[in-house]
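Trainee: Before I ask anything, let me first share the structure, which is written out below as C-alpha coordinates.
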Amino acid sequence: MIRFNDVSASYEEQQTEIDAALAAVVRQGDFVGGRAIGEFEAAFADYTGAAACAGMSSGTAALHLALLAAGVKPDDEVITTPMTFIATSEAISLCGARPIFADVAPDTINLDPVQVQATITEKTRAILFVHLHGNPGGAVEVAEVAKSNGLLFFEDCAQAHGALLTGGRHVGCMGAAAAYSFFPAKNLGAFGDAGAVTSNDAELANRARRLANHGRSEKYLHAMEGTNARMDTLQAAVLKVKLALLETQVKKRNLLAQRYMDGLAGLPLQFQPPPAGCRHAWHLFTVRTNRRDELQKFLTAHEIETGIHYPVPLHLQPAYAGMGLELGSFPAAEQTAQETLSLPMYPQLAMESVDVVVAALRKFFVGE
Ligand SMILES: *Cc1c(COP(=O)(O)O)cnc(C)c1O
(Lines give C-alpha, C1' and ligand atoms only; values in the text may rest on other atoms or scores of the structure.)
Protein backbone atom coordinates (compact mmCIF):
# COMPACT_ATOMS: atom_id res chain seq x y z
CA MET A 1 0.00 0.00 0.00
CA ILE A 2 1.38 3.42 -0.93
CA ARG A 3 -0.04 5.97 1.46
CA PHE A 4 -1.21 9.42 0.45
CA ASN A 5 0.43 11.10 3.45
CA ASP A 6 1.98 9.97 6.73
CA VAL A 7 1.66 12.52 9.50
CA SER A 8 3.62 10.42 12.00
CA ALA A 9 6.60 9.69 9.75
CA SER A 10 8.61 12.72 10.83
CA TYR A 11 8.17 11.87 14.53
CA GLU A 12 10.51 8.94 14.04
CA GLU A 13 13.18 11.28 12.65
CA GLN A 14 13.02 13.70 15.58
CA GLN A 15 11.60 11.61 18.40
CA THR A 16 14.27 12.42 21.00
CA GLU A 17 14.03 16.18 20.47
CA ILE A 18 10.24 16.22 20.29
CA ASP A 19 9.87 14.12 23.44
CA ALA A 20 12.28 16.42 25.29
CA ALA A 21 10.46 19.56 24.10
CA LEU A 22 7.08 18.19 25.18
CA ALA A 23 8.44 17.04 28.55
CA ALA A 24 9.93 20.50 29.16
CA VAL A 25 6.50 22.12 28.71
CA VAL A 26 4.87 19.58 31.00
CA ARG A 27 7.51 20.18 33.68
CA GLN A 28 7.22 23.97 33.37
CA GLY A 29 3.44 23.69 33.34
CA ASP A 30 3.14 26.75 31.07
CA PHE A 31 0.50 25.08 28.90
CA VAL A 32 -1.17 28.38 27.96
CA GLY A 33 0.91 31.35 26.85
CA GLY A 34 4.17 29.51 27.52
CA ARG A 35 7.73 30.24 26.54
CA ALA A 36 7.81 27.91 23.52
CA ILE A 37 5.22 30.08 21.73
CA GLY A 38 7.40 33.17 21.50
CA GLU A 39 10.34 30.99 20.53
CA PHE A 40 8.41 29.37 17.70
CA GLU A 41 6.96 32.71 16.54
CA ALA A 42 10.45 34.21 16.27
CA ALA A 43 11.81 31.15 14.45
CA PHE A 44 8.91 31.05 11.96
CA ALA A 45 9.14 34.79 11.27
CA ASP A 46 12.84 34.27 10.65
CA TYR A 47 12.19 31.35 8.26
CA THR A 48 9.54 33.19 6.22
CA GLY A 49 11.29 36.55 6.33
CA ALA A 50 8.22 38.22 7.86
CA ALA A 51 8.71 41.03 10.37
CA ALA A 52 6.44 39.28 12.87
CA CYS A 53 4.51 36.09 13.53
CA ALA A 54 1.58 35.54 15.89
CA GLY A 55 0.76 31.97 16.92
CA MET A 56 -2.90 30.93 16.63
CA SER A 57 -5.04 27.94 17.56
CA SER A 58 -5.63 27.02 13.89
CA GLY A 59 -5.23 28.21 10.33
CA THR A 60 -8.89 29.20 10.33
CA ALA A 61 -8.36 31.42 13.39
CA ALA A 62 -5.23 32.87 11.76
CA LEU A 63 -7.18 33.83 8.62
CA HIS A 64 -10.05 35.27 10.63
CA LEU A 65 -7.89 37.34 12.99
CA ALA A 66 -5.52 38.52 10.23
CA LEU A 67 -8.50 39.99 8.40
CA LEU A 68 -9.98 41.44 11.58
CA ALA A 69 -6.64 42.93 12.70
CA ALA A 70 -6.27 44.61 9.30
CA GLY A 71 -9.69 46.22 9.67
CA VAL A 72 -12.00 44.08 7.51
CA LYS A 73 -15.49 45.08 8.68
CA PRO A 74 -19.10 43.92 8.39
CA ASP A 75 -20.50 44.37 4.86
CA ASP A 76 -17.05 44.64 3.27
CA GLU A 77 -16.66 42.43 0.23
CA VAL A 78 -13.59 40.20 0.12
CA ILE A 79 -12.77 38.47 -3.15
CA THR A 80 -11.46 34.92 -2.97
CA THR A 81 -11.34 31.66 -4.88
CA PRO A 82 -14.09 29.02 -4.91
CA MET A 83 -11.40 26.33 -5.30
CA THR A 84 -10.13 26.13 -1.73
CA PHE A 85 -10.97 24.65 1.64
CA ILE A 86 -14.01 26.34 3.22
CA ALA A 87 -11.89 27.88 6.02
CA THR A 88 -10.82 30.57 3.54
CA SER A 89 -14.33 31.92 3.01
CA GLU A 90 -15.44 31.15 6.58
CA ALA A 91 -12.76 33.57 7.82
CA ILE A 92 -14.33 36.33 5.72
CA SER A 93 -17.83 35.59 7.00
CA LEU A 94 -16.57 35.42 10.60
CA CYS A 95 -15.60 39.11 10.24
CA GLY A 96 -19.19 39.83 9.17
CA ALA A 97 -17.84 40.54 5.68
CA ARG A 98 -19.03 38.89 2.46
CA PRO A 99 -16.98 36.34 0.55
CA ILE A 100 -17.21 37.09 -3.17
CA PHE A 101 -15.90 34.38 -5.46
CA ALA A 102 -13.97 34.92 -8.68
CA ASP A 103 -12.90 32.15 -11.06
CA VAL A 104 -9.46 30.57 -11.16
CA ALA A 105 -6.92 30.46 -13.98
CA PRO A 106 -6.90 26.95 -15.49
CA ASP A 107 -3.10 26.65 -15.53
CA THR A 108 -2.52 27.47 -11.84
CA ILE A 109 -5.97 26.74 -10.30
CA ASN A 110 -5.35 29.96 -8.34
CA LEU A 111 -7.37 33.19 -8.59
CA ASP A 112 -7.27 34.61 -12.11
CA PRO A 113 -6.17 38.28 -12.00
CA VAL A 114 -8.50 39.19 -14.89
CA GLN A 115 -11.50 37.62 -13.14
CA VAL A 116 -10.57 39.33 -9.87
CA GLN A 117 -10.39 42.74 -11.54
CA ALA A 118 -13.82 42.16 -13.11
CA THR A 119 -15.33 41.26 -9.72
CA ILE A 120 -14.30 44.46 -7.90
CA THR A 121 -17.13 46.76 -6.80
CA GLU A 122 -17.20 49.88 -4.64
CA LYS A 123 -17.76 47.60 -1.62
CA THR A 124 -14.65 45.51 -2.24
CA ARG A 125 -12.24 45.90 0.63
CA ALA A 126 -9.74 43.10 0.16
CA ILE A 127 -8.53 40.15 -1.87
CA LEU A 128 -7.70 36.87 -0.14
CA PHE A 129 -5.35 34.85 -2.36
CA VAL A 130 -4.85 31.12 -1.78
CA HIS A 131 -1.60 29.45 -2.87
CA LEU A 132 -3.50 26.26 -3.71
CA HIS A 133 -1.52 23.02 -3.27
CA GLY A 134 1.50 25.25 -2.48
CA ASN A 135 1.68 26.91 -5.91
CA PRO A 136 2.50 30.65 -5.86
CA GLY A 137 1.38 30.96 -9.52
CA GLY A 138 -0.52 34.17 -10.19
CA ALA A 139 0.03 35.62 -6.70
CA VAL A 140 2.17 38.53 -7.85
CA GLU A 141 -0.35 39.44 -10.55
CA VAL A 142 -3.31 39.34 -8.16
CA ALA A 143 -1.35 41.36 -5.57
CA GLU A 144 -0.82 43.94 -8.33
CA VAL A 145 -4.60 44.08 -8.94
CA ALA A 146 -5.11 44.69 -5.20
CA LYS A 147 -2.51 47.44 -5.16
CA SER A 148 -3.75 49.26 -8.24
CA ASN A 149 -7.30 49.25 -6.83
CA GLY A 150 -6.30 50.31 -3.32
CA LEU A 151 -7.44 47.02 -1.75
CA LEU A 152 -6.01 45.07 1.17
CA PHE A 153 -4.23 41.88 0.09
CA PHE A 154 -4.07 38.72 2.19
CA GLU A 155 -2.47 35.37 1.51
CA ASP A 156 -3.79 32.00 2.62
CA CYS A 157 -0.50 30.11 2.97
CA ALA A 158 -2.08 27.09 4.69
CA GLN A 159 -0.68 24.87 1.92
CA ALA A 160 2.36 26.95 1.03
CA HIS A 161 5.00 26.71 3.78
CA GLY A 162 8.29 27.11 1.94
CA ALA A 163 6.88 28.34 -1.39
CA LEU A 164 9.13 31.02 -2.89
CA LEU A 165 8.55 33.95 -5.24
CA THR A 166 11.23 35.11 -7.66
CA GLY A 167 14.36 36.29 -5.89
CA GLY A 168 13.88 33.65 -3.18
CA ARG A 169 11.33 35.68 -1.23
CA HIS A 170 8.87 33.57 0.76
CA VAL A 171 5.17 33.85 -0.03
CA GLY A 172 3.11 35.75 2.52
CA CYS A 173 5.08 38.99 2.13
CA MET A 174 3.01 40.74 -0.55
CA GLY A 175 0.16 42.30 1.37
CA ALA A 176 -1.22 43.14 4.79
CA ALA A 177 -0.76 39.68 6.29
CA ALA A 178 -0.65 35.95 5.62
CA ALA A 179 -2.15 32.99 7.46
CA TYR A 180 -0.56 29.58 7.92
CA SER A 181 -2.11 26.35 9.15
CA PHE A 182 -0.16 23.73 11.09
CA PHE A 183 -2.91 21.11 10.86
CA PRO A 184 -1.04 17.77 11.10
CA ALA A 185 -1.21 17.00 7.37
CA LYS A 186 0.22 20.36 6.25
CA ASN A 187 3.85 20.93 5.17
CA LEU A 188 4.61 21.92 8.76
CA GLY A 189 2.25 19.96 10.98
CA ALA A 190 1.58 20.12 14.71
CA PHE A 191 0.26 17.26 16.88
CA GLY A 192 -3.21 18.77 16.67
CA ASP A 193 -4.57 22.13 15.52
CA ALA A 194 -2.39 25.24 15.26
CA GLY A 195 -1.83 28.19 12.95
CA ALA A 196 -0.08 31.54 12.64
CA VAL A 197 -0.43 35.02 11.23
CA THR A 198 2.68 36.51 9.63
CA SER A 199 3.02 40.13 8.59
CA ASN A 200 5.55 42.75 7.65
CA ASP A 201 3.56 45.03 9.94
CA ALA A 202 4.53 44.07 13.50
CA GLU A 203 1.63 46.15 14.86
CA LEU A 204 -0.87 44.14 12.81
CA ALA A 205 0.62 40.86 14.10
CA ASN A 206 0.39 42.19 17.66
CA ARG A 207 -3.26 43.12 17.15
CA ALA A 208 -3.99 39.62 15.83
CA ARG A 209 -2.21 38.06 18.83
CA ARG A 210 -4.18 40.30 21.18
CA LEU A 211 -7.49 39.46 19.48
CA ALA A 212 -6.63 35.78 19.95
CA ASN A 213 -6.18 36.42 23.68
CA HIS A 214 -9.48 38.13 24.59
CA GLY A 215 -8.22 41.56 23.55
CA ARG A 216 -5.97 41.58 26.60
CA SER A 217 -3.45 44.28 27.24
CA GLU A 218 -2.90 42.99 30.79
CA LYS A 219 -4.28 39.93 32.59
CA TYR A 220 -7.63 41.53 33.42
CA LEU A 221 -7.45 44.62 31.24
CA HIS A 222 -9.10 44.23 27.86
CA ALA A 223 -8.37 46.82 25.17
CA MET A 224 -11.18 45.32 23.10
CA GLU A 225 -13.24 42.17 22.77
CA GLY A 226 -11.41 39.32 21.14
CA THR A 227 -11.76 35.59 21.38
CA ASN A 228 -9.77 32.59 22.55
CA ALA A 229 -7.69 31.49 19.57
CA ARG A 230 -4.24 31.16 21.17
CA MET A 231 -1.63 28.69 20.05
CA ASP A 232 -1.05 25.89 22.61
CA THR A 233 2.39 25.80 24.20
CA LEU A 234 2.68 22.05 23.51
CA GLN A 235 1.99 22.64 19.80
CA ALA A 236 4.54 25.46 19.68
CA ALA A 237 7.14 23.17 21.27
CA VAL A 238 6.53 20.47 18.62
CA LEU A 239 6.48 22.99 15.79
CA LYS A 240 9.74 24.58 16.86
CA VAL A 241 11.50 21.22 16.64
CA LYS A 242 9.81 20.30 13.34
CA LEU A 243 10.56 23.69 11.75
CA ALA A 244 14.25 22.74 11.68
CA LEU A 245 13.47 20.11 9.01
CA LEU A 246 10.99 22.14 6.94
CA GLU A 247 13.44 23.53 4.40
CA THR A 248 14.95 20.08 3.71
CA GLN A 249 11.46 18.63 3.45
CA VAL A 250 10.27 21.26 0.96
CA LYS A 251 13.34 20.49 -1.16
CA LYS A 252 12.49 16.78 -0.95
CA ARG A 253 8.90 17.54 -2.04
CA ASN A 254 10.34 19.36 -5.06
CA LEU A 255 12.51 16.32 -5.95
CA LEU A 256 9.49 14.00 -5.63
CA ALA A 257 7.37 16.32 -7.80
CA GLN A 258 10.09 16.46 -10.44
CA ARG A 259 10.29 12.65 -10.41
CA TYR A 260 6.51 12.50 -10.99
CA MET A 261 6.63 15.08 -13.81
CA ASP A 262 9.56 13.36 -15.57
CA GLY A 263 7.96 9.94 -15.19
CA LEU A 264 4.51 11.05 -16.34
CA ALA A 265 5.73 13.16 -19.30
CA GLY A 266 3.92 12.33 -22.51
CA LEU A 267 0.77 11.02 -20.83
CA PRO A 268 -2.53 12.87 -21.41
CA LEU A 269 -2.28 14.68 -18.05
CA GLN A 270 -1.75 18.26 -16.98
CA PHE A 271 0.37 19.44 -14.03
CA GLN A 272 0.54 22.80 -12.29
CA PRO A 273 4.26 23.67 -12.22
CA PRO A 274 5.16 26.99 -10.56
CA PRO A 275 5.98 30.10 -12.60
CA ALA A 276 9.61 30.46 -13.75
CA GLY A 277 11.93 31.41 -10.91
CA CYS A 278 9.43 30.49 -8.18
CA ARG A 279 9.43 27.45 -5.89
CA HIS A 280 6.30 25.38 -5.42
CA ALA A 281 5.79 24.04 -1.88
CA TRP A 282 4.15 20.87 -3.30
CA HIS A 283 1.86 20.36 -0.33
CA LEU A 284 -0.08 18.32 -2.87
CA PHE A 285 1.04 16.88 -6.20
CA THR A 286 -1.99 16.98 -8.43
CA VAL A 287 -2.60 15.77 -11.97
CA ARG A 288 -5.54 16.64 -14.22
CA THR A 289 -7.39 14.31 -16.53
CA ASN A 290 -10.97 14.05 -17.76
CA ARG A 291 -10.82 10.36 -16.71
CA ARG A 292 -10.21 11.28 -13.07
CA ASP A 293 -12.78 9.06 -11.32
CA GLU A 294 -11.81 6.03 -13.41
CA LEU A 295 -8.13 6.72 -12.69
CA GLN A 296 -8.75 7.02 -8.96
CA LYS A 297 -10.53 3.64 -8.90
CA PHE A 298 -7.68 2.08 -10.87
CA LEU A 299 -5.06 3.41 -8.45
CA THR A 300 -7.09 2.29 -5.43
CA ALA A 301 -7.20 -1.20 -6.93
CA HIS A 302 -3.39 -0.98 -7.23
CA GLU A 303 -3.17 -0.06 -3.52
CA ILE A 304 -2.23 3.55 -4.18
CA GLU A 305 -4.03 6.13 -2.02
CA THR A 306 -5.12 9.37 -3.70
CA GLY A 307 -7.20 12.42 -2.78
CA ILE A 308 -9.40 15.03 -4.47
CA HIS A 309 -8.77 18.67 -3.59
CA TYR A 310 -11.52 19.67 -3.96
CA PRO A 311 -14.50 17.75 -5.36
CA VAL A 312 -17.09 20.52 -4.83
CA PRO A 313 -16.13 24.17 -5.36
CA LEU A 314 -17.32 26.47 -2.60
CA HIS A 315 -19.95 28.30 -4.66
CA LEU A 316 -21.78 24.97 -5.13
CA GLN A 317 -21.62 23.98 -1.43
CA PRO A 318 -24.94 23.80 0.44
CA ALA A 319 -23.48 26.32 2.91
CA TYR A 320 -23.46 28.94 0.15
CA ALA A 321 -26.75 28.06 -1.53
CA GLY A 322 -27.97 31.48 -0.42
CA MET A 323 -25.55 33.14 -2.85
CA GLY A 324 -27.64 31.78 -5.74
CA LEU A 325 -24.55 30.76 -7.73
CA GLU A 326 -25.36 27.88 -10.03
CA LEU A 327 -23.32 25.37 -11.98
CA GLY A 328 -21.64 27.36 -14.77
CA SER A 329 -20.83 30.38 -12.58
CA PHE A 330 -17.11 29.59 -12.45
CA PRO A 331 -16.35 27.14 -15.28
CA ALA A 332 -12.61 26.85 -14.64
CA ALA A 333 -13.05 26.03 -10.94
CA GLU A 334 -15.85 23.60 -11.76
CA GLN A 335 -13.74 21.80 -14.33
CA THR A 336 -10.81 21.39 -11.94
CA ALA A 337 -13.22 19.92 -9.37
CA GLN A 338 -14.02 17.22 -11.95
CA GLU A 339 -10.48 16.65 -13.16
CA THR A 340 -7.87 16.95 -10.41
CA LEU A 341 -6.42 13.98 -8.57
CA SER A 342 -3.78 14.33 -5.84
CA LEU A 343 -1.11 11.60 -5.79
CA PRO A 344 0.88 10.42 -2.75
CA MET A 345 3.16 13.24 -1.53
CA TYR A 346 5.03 13.64 1.75
CA PRO A 347 8.73 14.15 2.47
CA GLN A 348 9.36 10.59 3.65
CA LEU A 349 7.80 9.07 0.50
CA ALA A 350 10.43 6.93 -1.23
CA MET A 351 11.47 7.77 -4.80
CA GLU A 352 10.82 4.08 -5.56
CA SER A 353 7.21 4.56 -4.45
CA VAL A 354 6.87 7.47 -6.87
CA ASP A 355 8.16 5.14 -9.59
CA VAL A 356 5.51 2.57 -8.64
CA VAL A 357 2.78 5.24 -8.88
CA VAL A 358 4.17 6.43 -12.22
CA ALA A 359 4.19 2.85 -13.55
CA ALA A 360 0.55 2.42 -12.50
CA LEU A 361 -0.44 5.64 -14.30
CA ARG A 362 1.42 4.56 -17.45
CA LYS A 363 -0.39 1.23 -17.29
CA PHE A 364 -3.72 3.05 -16.99
CA PHE A 365 -3.15 5.36 -19.95
CA VAL A 366 -1.06 3.29 -22.36
CA GLY A 367 -1.35 -0.25 -21.02
CA GLU A 368 2.46 -0.60 -20.71
C1 LIG B 1 -5.96 23.70 6.02
C2 LIG B 1 -6.44 24.92 5.37
C3 LIG B 1 -7.02 25.98 6.10
C4 LIG B 1 -7.47 25.86 7.53
O5 LIG B 1 -6.51 25.53 8.42
P6 LIG B 1 -6.93 24.84 9.83
O7 LIG B 1 -5.63 24.86 10.57
O8 LIG B 1 -7.39 23.46 9.51
O9 LIG B 1 -7.96 25.67 10.47
C10 LIG B 1 -7.30 27.15 5.43
N11 LIG B 1 -7.08 27.30 4.12
C12 LIG B 1 -6.55 26.29 3.38
C13 LIG B 1 -6.31 26.52 1.92
C14 LIG B 1 -6.23 25.07 3.97
O15 LIG B 1 -5.73 24.09 3.22
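The values are calculated or read from the model by the stated rules, or taken from the named source; none is laboratory data. From a predicted model like this one, the values you see are computed outputs, not experimental measurements. When we count neighbours, we look across all protein chains shown, and the Cβ atoms used for this are built from the backbone with ideal geometry, even at glycine. Protein only, heavy atoms only, side chains kept; ligands, DNA and RNA dropped before computing areas. Shrake-Rupley method; radii C 1.70, N 1.55, O 1.52, S 1.80 Å.
Trainee: Using DSSP to call loops (not H, G, I, E or B), can you name the trypsin sites (Lys or Arg not before Pro) in the range 78-165 whose Cβ has at most 13 other Cβ atoms within 10 angstrom?
Mentor: Listed in order of number, the matching sites are 123.
Trainee: If you take the charge dipole of the chain about its Cα centre, with +1 on Lys and Arg Cβ and -1 on Asp and Glu Cβ, which of 143, 331, 11 is farthest toward its positive end?
Mentor: My answer, from the dipole projection, is 11.
Trainee: At a 1.4 Å probe, what is the % contribution of carbon and sulfur to the accessible area of the range 1-59? Display every interim value, and only then the final one.
Mentor: On the way: 1570 of 3000 Å².
About 52 percent, which is the carbon plus sulfur part of the accessible surface.
Trainee: Another question, then. Pick out, from 228, 29, 40, the residue whose Cα sits farthest towards the positive end of the charge dipole of the chain, with +1 on the Cβ of Lys and Arg and -1 on the Cβ of Asp and Glu.
Mentor: 29
Trainee: Continuing with this model, one more query. Compute the relative contact order of the range 1-90 as a whole-number percentage, counting only Cα pairs closer than 8 Å that sit 6 or more residues apart in sequence.
Mentor: Numbers: 25 pairs, mean separation 13.8, N = 90.
Computed over the range 1-90, the figure is 15 percent.
Trainee: GNM, the chain, Cα, under 10 Å: largest mean-square fluctuation among 36, 350, 126?
Mentor: Fluctuation is largest for 350.
Trainee: Right, another one. Can you pull the semi-axes for the chain, root of five times each eigenvalue of the Cα gyration tensor, sorted largest first, whole Å? Mind showing how you got there, number by number?
Mentor: Numbers: eigenvalues 212, 149, 56 Å².
Equivalent ellipsoid semi-axes, largest first: 33, 27, 17 Å.
Trainee: If you place +1 on the Cβ of every Lys and Arg, -1 on the Cβ of every Asp and Glu, and leave all else neutral, what size is the dipole of the range 238-368 about its Cα centre, to the nearest 20 Debye?
Mentor: Values: 13 positive and 12 negative charges, 98 e Å.
About 480 debye.
Trainee: To continue, here is another question. Using the crude model of +1 on Lys and Arg Cβ and -1 on Asp and Glu Cβ, and no other charge, please compute the dipole size for the range 255-294 relative to its Cα centre, in debye to 20.
Mentor: Values: 5 positive and 3 negative charges, 18 e Å.
Result for the range 255-294 is approximately 80 debye, rounded to the nearest 20.
Trainee: Normalised by the residues of the chain, what does the relative contact order come to in percent, with Cα pairs under 8 Å and at least six apart?
Mentor: Working: 792 pairs, mean separation 81.2, N = 368.
Contact order relative to length: 22 percent.
Trainee: Taking only protein heavy atoms into account and a 1.4 Å probe, give the accessible area per residue of the range 161-229 in Å². Kindly include the intermediate steps, with their values, before the conclusion.
Mentor: Numbers: 2980 Å² over 69 residues.
Result: 43 Å² of accessible area for each residue.
Trainee: Among the chymotrypsin sites (Phe, Trp or Tyr not before Pro) within the range 12-96, which fall in a DSSP loop and have no more than 15 other Cβ atoms within 10 Å of their own Cβ?
Mentor: Values: sites: 31, 40, 44, 47, 85; in loops: 31, 85.
For chymotrypsin sites (Phe, Trp or Tyr not before Pro) across the range 12-96 that sit outside H, G, I, E and B with at most 15 neighbouring Cβ atoms in 10 Å, the list reads 31.
Trainee: Along the charge dipole of the range 197-273, which of 204, 267, 256 sits closest to the positive end, that is, farthest toward it, with unit charges on the beta carbon of Lys, Arg, Asp and Glu (+1, +1, -1, -1)?
Mentor: 256
Trainee: Could you give the dipole magnitude of the chain about its Cα centre, charging the beta-carbon of Lys and Arg +1 and that of Asp and Glu -1, in debye to the nearest 20?
Mentor: Computed charge dipole of the chain: roughly 380 debye.
Trainee: Out of 233, 119, 108, any idea which swings most in a Gaussian network model of the chain, alpha carbons joined below 10 Å?
Mentor: 119
Trainee: Moving on to the next point. With just the Cα atoms defining each centre, how far is the range 20-67 from the range 291-343? Give it in Å.
Mentor: Here the two parts' Cα centres lie 34 Å apart.
Trainee: Summing Lys, Arg as +1 and Asp, Glu as -1, what charge do residues with Cβ under 12 Å from the Cβ of residue 104 carry, residue 104 excluded? Write down the numbers at each step before the final one.
Mentor: On the way: positive: none; negative: 103, 107, 112, 334.
Here the count lands on -4.
Trainee: Next up: Tally Lys/Arg at +1 and Asp/Glu at -1 over every other residue whose Cβ is under 11 Å from the Cβ of residue 275; what's the total? Could the numbers behind the result be given before it?
Mentor: Numbers: positive: 279; negative: 107, 141.
Neighbourhood net charge equals -1.
Trainee: Continuing with the same structure: Taking the range 267-338, which chymotrypsin sites (Phe, Trp or Tyr not before Pro) meet the DSSP loop condition and have no more than 12 other C-beta atoms within 10 Å? Please list the in-between numbers first.
Mentor: Details: sites: 271, 282, 285, 298, 320; in loops: 271, 282.
Filter output for the range 267-338: empty list.
Trainee: So what are the three principal axis dimensions of the range 281-341 from its Cα atoms, in whole Å, longest to shortest?
Mentor: Principal-axis extents of the Cα atoms in the range 281-341, largest first: 41, 27, 19 Å.
Trainee: Taking all protein chains as present, what is the carbon and sulfur share of the accessible area of the range 244-320, in % to the nearest whole number, probe 1.4 Å?
Mentor: Working: 1970 of 3500 Å².
Using a 1.4 Å probe with all protein chains present, the range 244-320 comes out at 56 percent carbon and sulfur.
Trainee: Using a Gaussian network model of the chain with C-alpha springs under 10 Å, which one of 287, 356, 312 is most mobile by mean-square fluctuation?
Mentor: Of the options given, 356 has the highest mean-square fluctuation.
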